[in-house]
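The values are calculated or read from the model by the stated rules, or taken from the named source; none is laboratory data. Treat the numbers as computed from the prediction; the structure is a model and nothing was measured. Cβ coordinates were reconstructed from backbone atoms using ideal geometry, including for glycine residues, and neighbour counts include every protein chain displayed. Side chains are part of the model used for accessible areas, which takes the heavy atoms of the whole protein and leaves out ligands, DNA and RNA. Shrake-Rupley method; radii C 1.70, N 1.55, O 1.52, S 1.80 Å.
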Amino acid sequence: MSDNADLMAKKACEAMNNAYAPYSKYHVGACAQAEDGTLFTGCNVENSSYGLTICAERAAIFALISAGKKKVTAFALVGSGKDLGSPCGACRQVMREFMSPDAPIYLVDSTTQKVAETTNIETLLPRSFGPEFLK
Ligand code: THU
């Protein structure tokens, strides 16, 4: 695996340590790379009003966009469960907005803190709706 993928995996794991998940106890960390290489991290942040919870993926992507970046060129995700984490449907749609179909999405093993699988948004969200439909 590339050094950059390994670094993103590590940063996602570090972000997972910041998860606020007292209700589900499922901790998630994410790392999004912008077009200039800058890395942005996010974790899930739950709320006692459950529906207000934000997922780690959207936290990372919204931080990237809020910093003035335009594209997510690579993404790493880790979840604390025994199975490999995988983005929820809502987060897939948000990733779709800012990622090229074949940009790498690294699914990270929380035990080894290494990339276990590489996928992309074309695979995770086939035949999706996106910005070009509105032009
Ligand atoms: N969660 C994420 O952060 N990302 C996902 O893709 C799946 C779910 C969070 C939301 C909630 O805090 C916890 O995991 C359990 O659903």
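Would you point out the residue of segment 55-72, among those that are outside any helix (DSSP H, G or I) and open to solvent by 50 Å² or more (accessible area, probe 1.4 Å), that is nearest to residue 21 (Cα to Cα)? Can you show your working first?
Here is the first cut: in segment 55-72, the residues outside any helix (DSSP H, G or I) are 55, 67-72.
Imposing the further condition that a residue be open to solvent by 50 Å² or more (accessible area, probe 1.4 Å) reduces the set to 67, 70-71.
On the way: 67: 25, 70: 29, 71: 28 Å.
Selected residue: 67.
Take the residues of segment 31-48 that are within 16 Å of the ligand (Cβ to nearest atom) and open to solvent by 60 Å² or more (accessible area, probe 1.4 Å): which is nearest to the chain's Cα centre (by Cα)? Reasoning before the result, please.
Residues of segment 31-48 that are within 16 Å of the ligand (Cβ to nearest atom), as a first pass: 31-32, 40-48.
Still in the running and open to solvent by 60 Å² or more (accessible area, probe 1.4 Å): 41, 45, 48.
Details: 41: 8, 45: 14, 48: 23 Å.
Out of the qualifying residues, it is 41.
Assess whether residue 22 counts as being open to solvent by 20 Å² or more (accessible area, probe 1.4 Å) and either without any contact (Cβ under 8 Å) to a residue 24 or more places away in the chain or part of a helix (DSSP H, G or I) (or both). Before the answer, list the steps.
Numbers: open to solvent by 20 Å² or more (accessible area, probe 1.4 Å): yes; either without any contact (Cβ under 8 Å) to a residue 24 or more places away in the chain or part of a helix (DSSP H, G or I) (or both): no.
For residue 22, the condition - open to solvent by 20 Å² or more (accessible area, probe 1.4 Å) and either without any contact (Cβ under 8 Å) to a residue 24 or more places away in the chain or part of a helix (DSSP H, G or I) (or both) - is not met.
Inside segment 73-98, can you point out the residues that are among the charged types (D, E, K, R) and either outside any helix (DSSP H, G or I) or at pLDDT below 95 (or both)? Before you say what the answer is, go through the steps one by one.
Within segment 73-98, the subset among the charged types (D, E, K, R) is 82-83, 92, 96-97.
82, 83 - these are the residues of segment 73-98 that are among the charged types (D, E, K, R) and either outside any helix (DSSP H, G or I) or at pLDDT below 95 (or both).
Can you tell me which condition residue 112 does not meet? The list is (1) without any contact (Cβ under 8 Å) to a residue 60 or more places away in the chain; (2) surrounded by 15 or more Cβ atoms within 10 Å (Cβ to Cβ), and all the others hold.
Failing condition for residue 112: (2).
Going by what's in this entry, would residue 111 be described as modelled with pLDDT of 95 or more, assigned to a helix (DSSP H, G or I) and away from the ligand (no atom under 14 Å from the Cβ)?
Details: modelled with pLDDT of 95 or more: yes; assigned to a helix (DSSP H, G or I): no; away from the ligand (no atom under 14 Å from the Cβ): yes.
The answer is no for residue 111.
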